[in-house]
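K.L.:
So that we are looking at the same thing, I have put the structure below in structure tokens.
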Amino acid sequence: MIRLLINLLEFSLKSFYKDRWFARFYVLETVARVPYFAYLSVLHLYESLGYWHKSDWLKVHFAESWNELHHLRIVESLGGGEHRIDRWISRIGVLGYYWILVFVYMIAPKSAYYFNQLVEERAYHTYDKFLKEHGDWLKTQPAPQVAVDYYCTGDLYLFDEFQSTNSSTKNRRPKIENLYDVFLAMRNDEKEHVETMKLCQQPDAQEKLRSPHNPELIG
Ligand SMILES: [Fe+2]
Ligand SMILES: [Fe+2]
């Protein structure tokens, strides 16, 4: 059922946007932050009410939403949101998606994580396909400043914060020299989100999902 819904959404977006890649990415990235914001809202409420004490989860999900925000800033800088119709589609999508996910996360958190795992997998494959089809052109285009600031010269604390599942990705430092490097880094970010969503569904997730900056892990 969940897979069917994802397939339907992907087919609709593909048919509507065709080769308007940056507009399609703009809509996808606007909506992509919503699950993390929904998880944060519910976990924050649980923590305020006194029956949730895993503050690492708040940090990791916030870092994921911060990462998706920068994906959005990057595609905005490429003109992705310049048409009003695309801005409206994404905003209406955000409104509905947020409340549905809050509700699903409250009654079935694993399903909410599974749904987003599938969305992140599609995001990974969409960027992968884009890189394969347009790689030569992308390598001739400059990287937007917002991408250089986020991946290279800015404060990387929150970037490290969502590399939560695989020790080999610790201290991941993407090289950003052109637009190809930017989309490669974004594709690899999506892969990290997939792994985090999988981890969140495991029975021992409450013990396993930790902030990479947790003093107990750093020792
Ligand atoms: Fe993204
Ligand atoms: Fe994503």
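K.L.:
Under the rule of -39500 (n - 2.57) per DSSP H run of 4 or more residues, summed and divided by the residues of the chain, what mean residue ellipticity at 222 nm is obtained, to the nearest 500 deg cm²/dmol?
P.N.:
My calculation for the chain gives -24000 deg cm²/dmol from helical runs alone.
K.L.:
Within the chain, what's the longest run with no GluC sites (Glu not before Pro) in a DSSP loop and at most 16 other beta-carbon atoms within 10 Å? Give the range, please.
P.N.:
That would be 83-176.
K.L.:
When only C-alpha pairs under 8 Å and at least 6 residues apart count, what is the relative contact order of the chain, in percent?
P.N.:
After rounding, I find 25 percent.
K.L.:
Continuing with this model, one more query. Which residue fluctuates the most in the chain, going by a Gaussian network model with Cα springs under 10 Å, if the choices are Pro109, Pro203, Pro144?
P.N.:
In the Gaussian network model the winner is Pro203.
K.L.:
Now, a different point. Of all trypsin sites (Lys or Arg not before Pro) in region 11-111, which ones are in loop regions per DSSP and have a Cβ with at most 10 other Cβ atoms within 10 Å?
P.N.:
Lys18
K.L.:
Distance cut-off 32 Å, Cα to Cα: go down the list Lys18/Lys191; Lys18/Lys54; Lys14/Lys175 and report the pairs above it.
P.N.:
Lys18/Lys54
Rule-based calculations on the coordinates, nothing more; no lab input. Please read all numbers here as calculations on a predicted model, not as lab measurements. Here Cβ is always computed from backbone atoms with ideal geometry, including for glycine, and neighbour counts include all displayed protein chains.
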